[in-house]
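J.: Structure below; questions to follow.
The values are calculated or read from the model by the stated rules, or taken from the named source; none is laboratory data. Just so we're clear, the structure is a prediction, and the values are computed from it rather than from any experiment. With ideal geometry, Cβ positions are generated from the backbone for all residues, glycine too; neighbour counts draw on all protein chains shown. Heavy atoms of the whole protein, side chains included, go into the accessibility calculation; ligands, DNA and RNA do not. Shrake-Rupley method; radii C 1.70, N 1.55, O 1.52, S 1.80 Å.
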2 protein chains.
Amino acid sequence: MKKKAKINDTPVCQVRMQAISDTMSILSGKWKFHILGTLIEGSKLGFMDLMREIDGIGSKMLSKELQDLEMNHLVSRTVLDTKPITVEYAITEYGATLAPLINELAKWGIQYRQSVHG
Amino acid sequence: MKKKAKINDTPVCQVRMQAISDTMSILSGKWKFHILGTLIEGSKLGFMDLMREIDGIGSKMLSKELQDLEMNHLVSRTVLDTKPITVEYAITEYGATLAPLINELAKWGIQYRQSVHG
DNA sequence: CTAGGTAGTTTCCTACAGGAAAATACTTCC
DNA sequence: GGAAGTATTTTCCTGTAGGAAACTACCTAG
């Protein structure tokens with residue numbers, strides 16, 4: 001009676017598990033959701049704007065996380081030819097598809113607080 | 001003209017950001033979603049069952065992650081008085097409220113693969 | 001009495017995440 | 001000429017997440 005019986009061994013489960021890993025990998029780290037959330041709220045923000053909006057983040061992390069997000073086409077980076085050079089960060093159309101997911105996260109978190117508190 | 005102008009300084013944003021941090025904190029780590037997903041699929045699994053289902057996890061991590069999830073009332077742990085002692089892990093009613101969130105994660109990840117692949 | 005199954009805990013190690021602070025480079029205001 | 005603003009990069013350091021492997025402990029079937 002050898003046990004192998006894998007619930008997760010069905011193709012559909014494998015695909016879902018992989019998809020969840022992909023998503024979490026893309027959105028990994030302490031700051032990605034903050035950055036994305038901020039850019040969804042106020043489209044078109046400069047680097048220093050983001051520093052001011054996102055409480056506690058350092059320039060190194062912001063820079064790195066923005067690069068990650070840009071690589072995954074969730075955020076766009078546009079260098080403007082202004083007097084002092086300015087960079088404009090914005091959510092892409094594709095990045096905006098994360099809104100329902102972010103809403104679910106927020107919804108669950110809020111409900112969690114209520115269930116703990118009340 | 002000092003810039004402070006915080007988009008994120010509204011109470012509603014603060015609450016949402018905090019809620020997202022809470023959620024991500026509770027579901028942090030490499031394995032939580034795998035464990036939760038597995039327990040949602042096949043309710044009532046033993047420790048060794050979970051080891052077999054979750055490819056690559058070690059006993060230390062499984063044990064620790066299950067403790068975390070139990071502490072947050074997402075998973076229940078029941079010791080059964082069987083011949084060789086057996087422990088039964090299951091999703092709680094509360095843990096099941098994560099299903100929509102997990103679905104969003106999977107949905108987005110699947111869509112991501114498609115958009116990358118073409 | 002030994003092999004194998006149950007459910008973990010403990011120890012040791014490494015790699016990476018992330019923070020603080022300084023450096024870079026260029027421009028404009030006064 | 002110096003302060004202040006733009007946008008990073010670089011360096012150095014620390015804590016923790018997580019993996020491998022061994023160990024505990026108890027039970028049962030052969």
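J.: Which residue, A:MET48, A:MET61, A:MET17, tops the fluctuation ranking in a GNM of chain A built on C-alpha contacts under 10 Å?
T.: Evaluated over chain A, the most mobile residue of the options is A:MET17.
J.: How many nm is it between the label spots at B:THR97 and B:GLN67, if each spot is 7 Å from the Cα in line with the beta carbon?
T.: A separation of 2.6 nm, rounded to one decimal place.
J.: GluC sites (Glu not before Pro) within the range A:27-118: which are DSSP loop residues with at most 12 other Cβ atoms inside 10 Å? It would help to have the intermediate numbers written out before the result.
T.: Details: sites: A:GLU41, A:GLU53, A:GLU65, A:GLU70, A:GLU88, A:GLU93, A:GLU104; in loops: A:GLU93.
Those that pass, being in a loop and sparsely packed, are A:GLU93.
J.: For A:LYS6, give me every one of the aspartates and glutamates with a C-alpha distance below 14 angstrom, ignoring sequence neighbours fewer than eight places off in its own chain.
T.: In chain and number order, the partners are B:GLU41, B:ASP49, B:GLU53, B:ASP55.
J.: Relative contact order (percent) for chain B, with alpha-carbon contacts under 8 angstrom and 6 or more residues of separation? Before the final figure, lay out each step's value.
T.: Details: 87 pairs, mean separation 26.3, N = 118.
Rounded, it is 22 percent for chain B.
J.: Relative to the other copies, what are the label-point distances for A:THR78, with labels 7 Å from Cα along the C-beta vector, expressed in nm at one decimal and sorted shortest first?
T.: 5.8
J.: Rank B:ASP49, B:ASP22, B:ASP81 by mean-square fluctuation in a GNM of chain B with C-alpha springs under 10 angstrom and give only the top-ranked residue.
T.: Evaluated over chain B, the most mobile residue of the options is B:ASP81.
J.: Would you kindly compute the Cα radius of gyration of the protein assembly as shown and its largest Cα-Cα separation (Dmax), both in Å?
T.: 20.5, 78
J.: Here is a further query. Setting aside same-chain residues fewer than 8 positions from A:LYS60, which aspartates and glutamates have a Cα under 13 Å from its Cα?
T.: By straight Cα distance, A:LYS60 reaches A:ASP68.
J.: Put a label point 7 Å from Cα along the Cβ direction on A:VAL15, then list its distances to the equivalent points in the other copies in nm, shortest first.
T.: 3.9
J.: On to the next question. Keeping all protein chains in place, calculate the accessible area per residue for the range A:30-117 (probe 1.4 angstrom), answer in Å². Let's see the in-between values first.
T.: On the way: 4840 Å² over 88 residues.
Dividing the accessible area of the range A:30-117 by its residue count gives 55 Å².
J.: To one decimal in nm, how far is A:GLY46 from the same spot in the other copies, if labels go 7 Å from Cα toward Cβ? Please give the shortest first.
T.: For A:GLY46, the other copies' label points sit at 6.4 nm, shortest first.
J.: Under 15 Å from a point placed 7 Å out from the Cα of A:HIS117 along the Cα-to-Cβ direction: which residues of the range B:92-111 have their backbone N that close?
T.: none
J.: Moving on to the next point. In whole percent, and with a 1.4 Å probe on the protein chains, what portion of the accessible area of the range A:30-117 is carbon and sulfur? Show your work: numbers first, answer last.
T.: Details: 2620 of 4840 Å².
Carbon plus sulfur share of accessible area: 54 percent.
J.: Quick one: in chain A, whose Cβ comes closest to the A/B rotation axis, and how close in angstrom?
T.: A:GLU104, 2
J.: Rounded to the nearest 10 degrees, what's the angle between the helix A:99-117 long axis and the longest principal axis of chain A, both from Cα atoms, 0 to 90?
T.: So the helix axis and the longest Cα principal axis differ by about 70 degrees.
J.: Compute the orientation-averaged projected area for the range A:11-98 from the convex hull of its Cα atoms and round it to one decimal in nm².
T.: That works out to 6.3 nm², a quarter of the Cα hull's surface.
J.: Using a 10 Å cut-off on Cβ to Cβ distances, tally the other chain neighbours for every residue of A:25-36 and report the average as a whole number.
T.: 2
J.: Can you list residues whose amide H is under 5 Å from A:VAL75's amide H, if they're 5+ apart or on another chain and H is modeled 1.01 Å from N?
T.: The list, which skips near neighbours in sequence, is A:GLU70, A:THR92.
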